[in-house]
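Here is the structure we will look at, set down as structure tokens.
What follows draws every value from the coordinates through simple rules; no lab data is involved. Owing to the predicted nature of the structure, the values given are computational and were not obtained by experimental measurement. Here Cβ is always computed from backbone atoms with ideal geometry, including for glycine, and neighbour counts include all displayed protein chains.
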């Protein structure tokens, strides 16, 4: 077994408990939210009258604007989807900030770098670990969503292909946070609080997208991955906005490459 695979397997074993917790948590989140849908669908008229009293700006901030209805299955999932995105964004950003900086925080960099494995293989194994974890989570999140829709659809039909298509693009969303975390962790001399950086960047971009919905300006949320993959936009147009996704993917690639170059030149802190 080559050195790259040894490091990769070691990293996967370390991250596996958190991966299983993420998968289980998002599955429960799906079941929790979708369990309310049968009640909403039965009381559609009452629900619409209640929502009519809320400011349109507030409804847009929660993905309920532009004729979306909580009594419609996919319209309701448009309300649920941002919360699923929040979980996936936090996970991706956390892995980005954590994987390359953990050796310096735990003072184990000298042990790892003393092994006959190149920095290139270390970076590659850790990034591969991140993608393995994120893609596994995305797969089971999609599966969990389909299960929740099946059990709580209240007999409503829905486009399964459209739902699956949303999750086929989720890796782009995950990469945006993951690549940013990797780049910043290599750019800064030390990451003191991975969780602090993670929650800061994810919730800042979430609020940015919500603020965009309130004031109706698209330019303000161009930096928000939540805006790039808007489930409501997918339902209305049967596709995501590629004019946003493609530039975001290019920026993510630049950040990934930047983290690689910085990691190769980095003066690692040791004991």
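Taking N as the residue count of segment 219-263, its C-alpha radius of gyration divided by 2.2 N^0.38 Å amounts to 1.40.
Put in order of Cβ neighbour count within 10 Å, fewest first, the listed residues 228, 219 become 219, 228. Going from the fewest other Cβ atoms within 10 Å to the most, the residues 257, 76, 95 appear in the order 257, 76, 95. Of the residues 72, 159, the one with the fewest other Cβ atoms within 10 Å heads the list, and the complete ranking is 159, 72. The distance from the alpha carbon centre of segment 135-159 to that of segment 237-261 is 26 Å, rounded to a whole number.
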